[in-house]
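The values are calculated or read from the model by the stated rules, or taken from the named source; none is laboratory data. Because the structure is a prediction, the values reported are computed rather than measured. With ideal geometry, Cβ positions are generated from the backbone for all residues, glycine too; neighbour counts draw on all protein chains shown.
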Amino acid sequence: MKARELAVEGAFEFSTTGYADERGMFTTPLDEAAFLEAVGRPLFPVVQACVSRSRRGVFRGVHYTAAPPGRAKYVWCAHGRCQDYVIDLRVGSPTFGRYEVVTLTGDCSRALYLPIGVGHAFFACDDDTVMSYLLSGGYVPEREHALDPFDPDLALPLPGGSDLVLSDRDRAAPTLGAAVRLGLLPVYADCVRAERDVPA
């Protein structure tokens, strides 16, 4: 498994090669040794695992969790294909406002690690796009936040423009500027401290 640090500080892409034969395919989207070598510590204890299924044209996000405690994520595509967005929303981060877009496919050849405080979104390129998530914390509705993906300050390269299929919550989400003014964004120092406090 190979690791590549993304444009967002502390976020990584992990890539692997699957094994195919007449039965089908076998791959490993997570390898603890590769994660430890790249990130410098073991993967967080998994508190929750989630799966989403989306039809073509769906855009989910931009989502993030208030910190502390926040939630780190390890995600991959189990079926279909998506454009995955990793966005630094941590105020005070050396890469605040930067993002990277990574194509994830159903062969599970790539996975992404998003540290606490980093925003996440994806666009489903195919019908029945299935995303798998490992999370360091449980779902607490009042700590879950969203940003307007159309916000020009984020400047995300969105396929399909206004024809994207979004939830009502995502369509009504505040802009980055509004979230800053309301004090809704995570603070980088708090996120780094929360990451260090997650038991190994």
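Structure notes:
- Residue list for segment 117-136, filter: assigned to a strand (DSSP E or B), over 28 Å from residue 187 (Cβ atoms) and either free of Cβ contacts under 8 Å to residues at least 40 places away in the same chain or not hydroxyl-bearing (Ser, Thr, Tyr) (or both): 123, 124, 130
- Residue under evaluation residue 114, criteria (1) surrounded by 24 or more Cβ atoms within 10 Å (Cβ to Cβ); (2) at pLDDT below 95, criterion not met: (2)
- Residue pairs whose Cβ atoms lie under 8 Å apart, separated by 6 or more positions or on different chains, with the first residue in segment 90-102 and on the phi > 0 side of the Ramachandran plot and the second charged (D, E, K, R) and modelled with pLDDT of 95 or more, are 97/88; 97/153.
Residue by residue, here is whether (1) part of a strand (DSSP E or B); (2) within 12 Å of the chain's Cα centre (by Cα); (3) among the charged types (D, E, K, R) holds:
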site: 78; (1), (2), (3): yes, no, no
site: 84; (1), (2), (3): yes, yes, yes
site: 93; (1), (2), (3): no, no, no
site: 108; (1), (2), (3): no, no, no
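Quick grid of which residues meet (1) touching a Ser or Thr at 6+ places or on another chain (Cβ under 7 Å); (2) more than 18 Å from residue 51 (Cβ to Cβ):
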position: 117; (1), (2): no, yes
position: 126; (1), (2): no, no
position: 144; (1), (2): yes, no
position: 156; (1), (2): no, yes
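- Where a residue in segment 140-155 is surrounded by 17 or more Cβ atoms within 10 Å (Cβ to Cβ) and its partner, wherever it lies, is part of a loop (DSSP other than H, G, I, E, B) and of a type in the set (Asp, Glu), with Cβ under 9 Å and at least six apart: 154/148
- Given (1) without any contact (Cβ under 8 Å) to a residue 40 or more places away in the chain; (2) surrounded by fewer than 21 Cβ atoms within 10 Å (Cβ to Cβ), number of the condition residue 83 does not satisfy: (1)
- Selection status of residue 59, buried (at least 20 other Cβ atoms within 10 Å of the Cβ), on the phi < 0 side of the Ramachandran plot and hydrophobic (A, V, I, L, M, F, W, C): yes
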